[in-house]
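Asks: Let me begin by handing over the structure; questions about it come next.
The values are calculated or read from the model by the stated rules, or taken from the named source; none is laboratory data. On a predicted model such as this, the values are computed, not experimentally measured, just so you know. Here the Cβ positions follow ideal geometry from the backbone for every residue, glycine too, while neighbour counts run over all protein chains shown.
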Amino acid sequence: MNNSEIIPKEIIENRILLLRGQKVMLDTHLAEMYGVPTYRLNEQVKRNINRFPRILCFS
């Protein structure tokens, strides 16, 4: 997707999964929405881990 496009609410809602009672989104889906390769998204999370609360990330 182009960075200037607004992502419809339905697309985001359909990408949210319920695993063991927790709502999660896969890195591949997030990367697709941001228009970047998955490895780049993960790379930036690792480089800026202090900006991502632990409640938002798990491995």
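Asks: Quick test of your reading of the structure: I55 fulfils all but one of (1) surrounded by 11 or more Cβ atoms within 10 Å (Cβ to Cβ); (2) of a type in the set (A, V, I, L, M, F, W, C); (3) modelled with pLDDT under 90; (4) part of a helix (DSSP H, G or I). Name the failing condition by number.
Replies: Only one criterion is unmet by I55, namely (1).
Asks: In addition: I'm trying to understand the selection: among the residues of segment 4-16, which are in contact with a helix residue (DSSP H, G or I) (Cβ under 8 Å, 6 or more places away or on another chain) and in a loop (DSSP other than H, G, I, E, B)?
Replies: I7
Yes/no per residue for (1) surrounded by 10 or more Cβ atoms within 10 Å (Cβ to Cβ); (2) of a type in the set (D, E); (3) in a loop (DSSP other than H, G, I, E, B); (4) in contact with a Lys or Arg (Cβ under 9 Å, 6 or more places away or on another chain):
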{"position": "L18", "(1), (2), (3), (4)": "no, no, no, no"}
{"position": "K23", "(1), (2), (3), (4)": "no, no, no, no"}
{"position": "H29", "(1), (2), (3), (4)": "yes, no, no, yes"}
{"position": "E32", "(1), (2), (3), (4)": "yes, yes, no, yes"}
{"position": "V36", "(1), (2), (3), (4)": "yes, no, yes, no"}
{"position": "L41", "(1), (2), (3), (4)": "yes, no, no, no"}
{"position": "V45", "(1), (2), (3), (4)": "yes, no, no, yes"}
{"position": "N50", "(1), (2), (3), (4)": "no, no, no, no"}
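Asks: Across segment 28-51, which residue is farthest from the chain's Cα centre (by Cα) among those that are farther than 18 Å from I7 by Cβ and of a type in the set (A, V, I, L, M, F, W, C)?
Replies: The residue in question is I49.
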